[in-house]
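*Asks:* Next up is a structure, given as structure tokens.
Read the figures in this text as sums done on the coordinates, not as results from a lab. Computed from a predicted model, the values in this text were never measured in an experiment. For neighbour counting, all protein chains shown are included, and Cβ atoms are generated from backbone atoms with ideal geometry for every residue, glycine included.
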Amino acid sequence: MGGMLASRFSLMYENTVNKLILVNPIGLENYLYYVRYKDVQFFYENELSQTPEAIVSYQRKNYYDGAWNDRYTALTLPLQGWVNGDDWPTLARVSALTYDMIFTQPVIDEFDKLAMPVTLILGTRDTTGPGRNWKKEGVTYTLGEYDKLGKRVQQRNPAINVVELEDLDHLPFIEDFEAFISPFMAALPERE
């Protein structure tokens, strides 16, 4: 959700932000156009049901094109630690509130107002689409088609530079750092 937060900050404090670089952010769609609203309690109960095994299973299924390895397993350890920790109910509540923000405070509809240079780096294999399991009746739109989202973003704001990384997923900087680093470095502001 960092991309949504960075986008909102940039919209609110445009004189503070010189350049915005987003990497496979969620929020490139207004999810409530397509899915039924779920309240904070729904997300809280959902988070409380998390297990270390479910965390690994989700990432194994949805990230890295199924090419799982020990390095990816290690990246799940902090999340597993949260679930196993004594303060998990508090962290689950925070997570539930964050999910509510994802659905009720979209930023995509304001991308035309981003005044600073923006680079959007997208792994085109990403299919992250919050809420796809509770779509509204009759909705045929497919959430999370990152291979199409870059073009849709540019229709809203042609000034946004979209860099597509073919055959990479939600975390391209982990999956293939060499493919990621060049466009990322090119997007960084010049040092004075």
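*Asks:* Once you have the Cα-Cα distance between PHE9 and ARG71, take 0.36 nm times their residue separation minus that, and quote the gain in nm to one decimal.
*Replies:* 19.1 nm
*Asks:* How far, in nm, would the chain grow between TYR58 and GLU137 when pulled straight, counting 0.36 nm per residue and subtracting the alpha carbon separation?
*Replies:* Here the answer is 25.9 nm.
*Asks:* Across the stretch 2-187, how many lysine pairs, 8 or more positions apart or on different chains, have C-alpha atoms separated by under 27 Å? Please give the number.
*Replies:* So the count works out to 17.
*Asks:* Would you calculate, for the chain, the mean residue ellipticity at 222 nm contributed by helices, counting each DSSP H stretch of 4 or more residues as -39,500 (n - 2.57) and dividing by all residues, to the nearest 500?
*Replies:* Roughly -13500 deg cm²/dmol at 222 nm, from the helical runs in the chain.
*Asks:* Additional query: Just PHE42, PHE180, PHE103 to compare: in a GNM of the chain, with alpha carbon springs under 10 Å, which one fluctuates most?
*Replies:* Answer for the Gaussian network model of the chain: PHE42.
*Asks:* Mean Kyte-Doolittle of at least 1.0 plus a Cα span of 20 Å or more along the axis: flag which DSSP H helices in the chain meet both, please.
*Replies:* What comes out of the filter, once short or polar helices are dropped, is none.
*Asks:* Does the stretch 139-192 classify as rounded, prolate or oblate by the C-alpha gyration tensor (a ≥ b ≥ c root eigenvalues; a/c under 1.5 gives rounded; else a/b over b/c gives prolate, otherwise oblate)?
*Replies:* In terms of gyration-tensor shape, oblate.
*Asks:* Given H placed 1.01 Å from N in the peptide plane, which residues other than close sequence neighbours of ILE21 have an amide H under 5 Å from its amide H?
*Replies:* THR119
*Asks:* A follow-up question, please. How many nm separate the modelled label positions at THR98 and GLU145, each set 7 Å beyond the Cα in the direction of the Cβ?
*Replies:* That separation, rounded to one decimal, is 2.9 nm.
*Asks:* So, in nm, how far is label PHE42 from label ASP109 when the simple model puts each one 7 Å beyond its Cα toward the Cβ?
*Replies:* Reported label-point gap for PHE42 and ASP109 is 1.8 nm.
*Asks:* If each residue's Cβ is checked for other Cβ atoms within 10 Å, how do MET12, MET101 rank with the fewest at the top?
*Replies:* So the residues, fewest neighbours to most, are MET12, MET101.
*Asks:* Computed over the Cα atoms of the chain, what is the convex hull's projected area averaged over all directions, in nm²?
*Replies:* Projected over every direction and averaged, the Cα hull of the chain covers 12.1 nm².
*Asks:* Can you tell me the length gained on complete extension of the stretch TRP88 to ASP176, counting 0.36 nm per residue apart and subtracting the Cα distance?
*Replies:* Extra length available between TRP88 and ASP176 comes to 28.5 nm.
*Asks:* Pull up the DSSP beta bridges for the chain and report the antiparallel fraction as a percent, rounded to 5.
*Replies:* That works out to approximately 10 percent antiparallel.
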